[in-house]
Amino acid sequence: MTHNMEIGRSAGTPASDLETAGAAGAAGAAGAVTQDATALCRRTMLKLGFGAIAAGLAVTARAQTASPARGATMRALPGGRTVKLVPSWDTVQVGQMSPNANPAVTIRSGDTVWYDGTWTNWGNEAKYGMGFKEREPIRKKYPNGAFSLIGPVVIDGAQPGDVVECRMLKMRPIDWGWNSAPPGVGALPGDFGPYLRYLKFNDARTHASYVPGVNIPLRPFQAYLGTQPPGDRMTSANFAGSYGGNLDCAVLGVGTSVFLPVQMDGARVWTGGSMGASGEGNIDQTSIESAFEEMRIQFLLHKRSKLDGPMAETPEHWIGFGFADGSLDAALVACIRQMIGWMSAATGIEPVDCYGILSVSGSFRITQYAHQTRTVYATEPPKGVHCMLPKEIFTAEMLQRLSAYTRA
């Protein structure tokens, strides 16, 4: 049973503080009044250490991450503009990243992109109450993937070897979503028939009624966040790799920084797959699929970073990823090795000691488990593991080293 709720819009930003993307992404950096926000961020982080900042703002940080659907936001670092990006067929591609797409917006490091809404899957064709048979022809129109990716966001000065820090400032869902499992997907591809359940969200966007007596807390996140991989071919929105992509990690909500290696000039950041909430593991292969009324991401460019894969940071954890085509065992091993290499290089701790530290304090969790036997499209790699490494185990000096290494 669901309940009908009215949409409650968030307060807007004054027009004087905004730039709007035109059909071909004409909002560029001309006339910008910005400081070097990357340098400002780096100086602040290195002077105090991110751990010291997090400790000094512990109450605020916990409030931001405990229930991000309750209107919580993460503050933008000062010095950048706010640039408005409106979804349209000029700024959205379904199921793929195109290396030849015109920039949706061009920004400078430190600018915040105000996404004035995101689309539901399949080019916003998913509508509340559609039956499974109605949805199937739409799903099959987009063989490269379901996500409506908005972008690319081009960052002035970004070059291969740099890293883009994506600070997730705000995400407010629309008032509905769904969970579904077509035949042949998920962890139990043959146990059930086609499954589809629509959910209504309350006005405050704090929870969704699933079945009578069960309310799911909303913790919105973006399933897809990636830079453009090198080459001249389309990249499927189902794929994940060293550039990020389909990370589909439920803990990357408001208050998170996601670090993505740059692999093409301008970085060309795409995002999509707006989710209301998900369990870690994503076992039927969908979350609460939805869209956002509003989303804000601040982009910081870090030059000449040593990162060779995606990382994430919350006020309380560092997060690393491992993916594999074969088994969860292989994904776990990939994640462990990634975390050992990163932590040892950043801190100077011997790799074998990092292995022990991860064993006694790291939490290794299933990101997703896709066992696809017959489907329109497939998640690649289908198995994912992420590590939650608590910051509380480190001294302020060690936290500063981790932050400085990651932000180069």
Checklist line | Pairs with Cβ under 6 Å, 6+ apart, first in the range 334-361 and over 19 Å from residue 385 (Cβ atoms) and in contact (Cβ under 8 Å) with a residue 24 or more places away in the chain, second open to solvent by less than 30 Å² (accessible area, probe 1.4 Å) and of a type outside the set (Val, Ile, Thr) | finding: 346/402
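What are the residues in the range 110-166 that are among the aliphatic types (A, V, I, L, M) and in a strand (DSSP E or B), if any? Let's see the steps before the verdict.
Of the residues in the range 110-166, the ones among the aliphatic types (A, V, I, L, M) are 113, 126, 130, 138, 146, 149-150, 153-155, 158, 163-164.
Of everything in the range 110-166, those that are among the aliphatic types (A, V, I, L, M) and in a strand (DSSP E or B) turn out to be 113, 149, 150, 153, 154, 155, 163, 164.
Could you identify the single residue in 208, 204 that is open to solvent by 40 Å² or more (accessible area, probe 1.4 Å) and either over 30 Å from residue 159 (Cβ atoms) or modelled with pLDDT of 95 or more (or both)?
Just a single option satisfies the conditions, and that option is 204.
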Checklist line | Hits in the range 132-151 (condition: hydroxyl-bearing (Ser, Thr, Tyr) and open to solvent by 20 Å² or more (accessible area, probe 1.4 Å)) | finding: 142
Next item on the list: Return only the number of the condition from (1) more than 21 Å from the chain's Cα centre (by Cα); (2) within 14 Å of residue 278 (Cα to Cα); (3) open to solvent by 20 Å² or more (accessible area, probe 1.4 Å) that residue 219 does not satisfy.
Entry: (1)
Note to self: Return the residues of the range 292-313 that are acidic (Asp, Glu) and either modelled with pLDDT of 95 or more or buried (at least 21 other Cβ atoms within 10 Å of the Cβ) (or both); say none if nothing qualifies.
What the structure shows: 293, 294, 313
Checklist line | Restricting the range 321-376 to residues that are under 17 Å from residue 247 (Cβ atoms), among the aliphatic types (A, V, I, L, M) and open to solvent by less than 50 Å² (accessible area, probe 1.4 Å), the residue that is modelled with the lowest pLDDT | finding: 370
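The values are calculated or read from the model by the stated rules, or taken from the named source; none is laboratory data. Values in this document were obtained by computation on a predicted structure and should not be read as measured data. Note: ideal-geometry Cβ built from the backbone for every residue, glycine included; neighbour counts use all protein chains shown. Each accessible area value is taken on the protein alone, full model and side chains, heavy atoms only, with ligands, DNA and RNA left out. Shrake-Rupley method; radii C 1.70, N 1.55, O 1.52, S 1.80 Å.
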